[in-house]
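A quick write-up on the structure given underneath.
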Amino acid sequence: MGYRVVVAGATGNVGREMLNILAERQFPVDELAVLASRRSLGTEVSFGDKTLTTQDIDTFDFTGWDMALFAIGSDATKVYAPKAAAAGCVVIDNSSLYRYDPEIPLIVPECNPEAIHDYKNMNIIANPNCSTAQMVVALKPLHDRAKIKRVVVSTYQSVSGAGKEGMDELWDQTKAVYNPTTEVEPKKFQKQIAFNVIPQIDVFMEDGSTKEEWKMVVETKKIVDPSIKVTATCVRVPVFVGHSEAVNIEFEEFLDEDEARDILREAPGIMVIDKREAGGYVSPVECAGDFATFISRIRQDSTVENGINLWCVSDNLRKGAALNAVQIAELLGREVLKKG
């Protein structure tokens, strides 16, 4: 006996990836409904060897469905998630709408699986921001061993984090560089993204940080430990898929780099590729399409008493979004619903 599952936003980058991962991981699905807005109504999407036709989210009845994976953005989620939750369907939401609500669990299954039981508060579970998700997978096992005081992170985030429009803009601008008769003005991004980096993701806040940077701070505290101090600089780079992060961690007690490497090798969801030679690390091109969060460049930071540096890379459409949502669904089934 399996689950009746809904994927809302099935025609977008993350929604399609959710369908791919549900199929790849052989999630126990008895029945699957794929939903889209009216402008995408009737679009066909793939689920394993099946082809499904999208239904209208406006008229869909969530009664009798076990869980719904939402990838439709905050504005639409505000309308449809409460309807689904009220109908008894557990919502796993990929938008930022519910992440900071104290009543709603924000879950990365490798880090805080015990929070799954708090879904009962509102029948909604939040999926974290893509840049946070991969970082906390690395932080949690190290925090359990030596307790983290402070994290300084600089991100190098791919354009797929901005959706299909971001990917199209990088592609079109790159072609335009080689064809001087064509000019592609920035629309999705604040400046040209091709052959450039942009130190702004999301809007600016009063303290000079961007909302993406603020998200990393508050989400890390909610998922791992509210006492951890986090400062972030988030940068958009001309990479199609895969976020990279340079992470500096200061601990309350000394942690040797070799022990840190061993801890991370044993941690769930992590693959350590850390050879101190040319090419002995993972770049975003190599992580695309993979489930793992890759950790490289693990080394002592001699400028602070108890410091470690590391390089963290992951497919943001997978661990940063769709994979984490499916892992939450698996956790929900395993620990709570127990049908599959």
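Among GLU17, GLU165, what's the order by accessible area (1.4 angstrom probe), most exposed first? Walk me through the numbers before you get to the answer.
Values: GLU17 30, GLU165 110 Å².
So, going from the largest accessible area down, we get GLU165, GLU17.
For the chain, a crude dipole built from +1 on the beta carbon of Lys and Arg and -1 on the beta carbon of Asp and Glu, taken about the Cα centre, is about 400 debye to the nearest 20.
Within the range 134-215, the trypsin sites (Lys or Arg not before Pro) that combine a DSSP coil assignment with at most 16 other C-beta atoms in a 10 angstrom radius are LYS147, LYS187, LYS188, LYS191. In the chain, what % of DSSP beta bridges are antiparallel (nearest 5)? Counting DSSP beta bridges with both partners in the chain, the antiparallel share is about 50 percent. The loop-placed GluC sites (Glu not before Pro) in the range 196-304, going by DSSP, that have at most 14 neighbouring Cβ atoms within 10 Å of their Cβ come out as GLU206, GLU252, GLU253, GLU277. Dipole orientation for the chain: of the candidates TYR119, VAL34, LEU255, VAL34 has the Cα lying most toward the positive pole (charges on Cβ; Lys, Arg +1; Asp, Glu -1). Once the Cα-Cα distance is subtracted from the 0.36 nm per residue extended length, the SER74 to SER46 segment shows a gain of 7.6 nm.
Taking the helices alone, the chain has a mean residue ellipticity at 222 nm of -8500 deg cm²/dmol, built from -39,500 (n - 2.57) per DSSP H run of at least 4 residues and averaged over all its residues.
Between PHE240 and GLU305, what's the calculated FRET efficiency when r is the beta-carbon distance and R0 is 45 Å? Round to 0.05.
Working: r = 40 Å, r/R0 = 0.88.
Here the calculated transfer efficiency is 0.70.
Counting Lys and Arg as +1 and Asp and Glu as -1 over every other residue whose Cβ lies under 14 Å from the Cβ of GLY280, the net charge comes to +2.
Computed extension gain for GLU335 through PHE204, at 0.36 nm per residue and net of the alpha carbon distance, reaches 43.2 nm. Here the simple spin-label model places points 7 Å from the Cα toward Cβ, and for GLU266 and ASP101 these points are separated by 3.8 nm.
Pairs with C-alpha atoms separated by more than 23 Å, drawn from the list LYS221/LYS275; LYS147/LYS221; LYS120/LYS147; LYS83/LYS164; LYS147/LYS211, are LYS221/LYS275; LYS120/LYS147; LYS83/LYS164; LYS147/LYS211.
Tell me whether the range 181-286 comes out rounded, prolate or oblate; compute the Cα gyration tensor, take square roots of the eigenvalues as a ≥ b ≥ c, and use a/c under 1.5 as the rounded threshold. Working shown, then result.
On the way: a/c = 2.86, a/b = 1.39, b/c = 2.06.
Oblate shape, in that a/c is at least 1.5 and b/c is the bigger or equal ratio.
Taken one residue at a time, the phi angles of the range 276-287 give Karplus couplings (6.51, -1.76, 1.60, θ = phi - 60°) of 7, 8, 4, x, x, 8, 10, 10, x, 4, 6, 8 Hz. Gly and Pro are set to x.
Convex hull over the alpha-carbon atoms of the range 1-150: what's its volume per residue in Å³?
Working: hull volume 18.9 nm³, N = 150.
Taking the convex hull of the Cα positions in the range 1-150, it is 126 Å³ per residue.
Based on the alpha-carbon gyration tensor of the range 65-135 and its eigenvalue square roots a ≥ b ≥ c, which shape applies: rounded if a/c is under 1.5, prolate if not and a/b is larger than b/c, or oblate?
Working: a/c = 1.88, a/b = 1.28, b/c = 1.47.
The shape class here is oblate.
For the pair TRP171 and LYS191, a Förster radius of 25 Å applied to the C-beta separation gives a FRET efficiency near 0.90, rounded to the nearest 0.05.
The values are calculated or read from the model by the stated rules, or taken from the named source; none is laboratory data. Everything numeric here is computed off the predicted structure, so don't read it as measured data. Because the Cβ atoms are built from the backbone with ideal geometry, glycine has one as well, and the counts that use them run over all protein chains shown. Ligands, DNA and RNA are excluded from the accessible area calculation, which covers all protein heavy atoms including side chains. Shrake-Rupley method; radii C 1.70, N 1.55, O 1.52, S 1.80 Å.
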